[in-house]
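Here the structure is laid out as structure tokens; the discussion comes afterwards.
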């Protein structure tokens, strides 16, 4: 099975676990009674975009077994790289500061600190970014802000993990 086909199969399997449909096929839309809502699409994008892996404390360690009400509250574990220590933000508080259009501009134009793959947001469609925004707004504001960025010459307070870049 080629790499592209493996991704399609994996995404389909993940979507099946969420009860969402994939694609715009007539069968997919009929099975669901029409295309998914923006909130459903946003939830799907958060799951398949792996936003929870960093932005939900303990998500990876618990293999995704975190109640949805605790999703995207940020992560107090710092990611220490040679350029400093950053923290995955509380997206539920972050989106409250933006209109939908402002969120779109922020997501497309920002170059976030490591390890955030900012280029993934840059390459995400406007429609999907709007769905992500609506989903996060749907969850509602909760939690507290994460610690501030710590410059490379300062020692961050624990907990943090060290990430090293391997250059080839």
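Listed conditions (1) more than 13 Å from the chain's Cα centre (by Cα); (2) under 24 Å from residue 158 (Cβ atoms) are all met by residue 67, apart from (2).
Looking at residue 140 and the list (1) on the phi > 0 side of the Ramachandran plot; (2) surrounded by 14 or more Cβ atoms within 10 Å (Cβ to Cβ), which single condition is not satisfied? Of (1) on the phi > 0 side of the Ramachandran plot; (2) surrounded by 14 or more Cβ atoms within 10 Å (Cβ to Cβ), only one is false for residue 140: (2). Against the criterion of being in contact with a strand residue (DSSP E or B) (Cβ under 8 Å, 6 or more places away or on another chain) and surrounded by 11 or more Cβ atoms within 10 Å (Cβ to Cβ), residue 151 does not qualify.
With respect to the conditions (1) under 12 Å from residue 139 (Cβ atoms); (2) buried (at least 19 other Cβ atoms within 10 Å of the Cβ), residue 67 falls short on a single one, namely (2).
Report yes if some residue within the stretch 111-122 is more than 20 Å from residue 72 (Cα to Cα) and assigned by TED's automatic domain parsing to the domain that holds residue 78; otherwise report no. No, the stretch 111-122 contains no residue that is more than 20 Å from residue 72 (Cα to Cα) and assigned by TED's automatic domain parsing to the domain that holds residue 78. Residues in the stretch 15-34: is at least one at pLDDT 50 or above and part of a loop (DSSP other than H, G, I, E, B)? Within the stretch 15-34, one or more residues are at pLDDT 50 or above and part of a loop (DSSP other than H, G, I, E, B). Surrounded by fewer than 18 Cβ atoms within 10 Å (Cβ to Cβ) and more than 17 Å from residue 161 (Cα to Cα): does that describe residue 82? No: the conditions fail for residue 82.
The values are calculated or read from the model by the stated rules, or taken from the named source; none is laboratory data. This one's a predicted model, so the numbers in the text were calculated from it and none came from an experiment. Neighbour counts run over all protein chains shown; Cβ positions are idealised from the backbone, glycine included.
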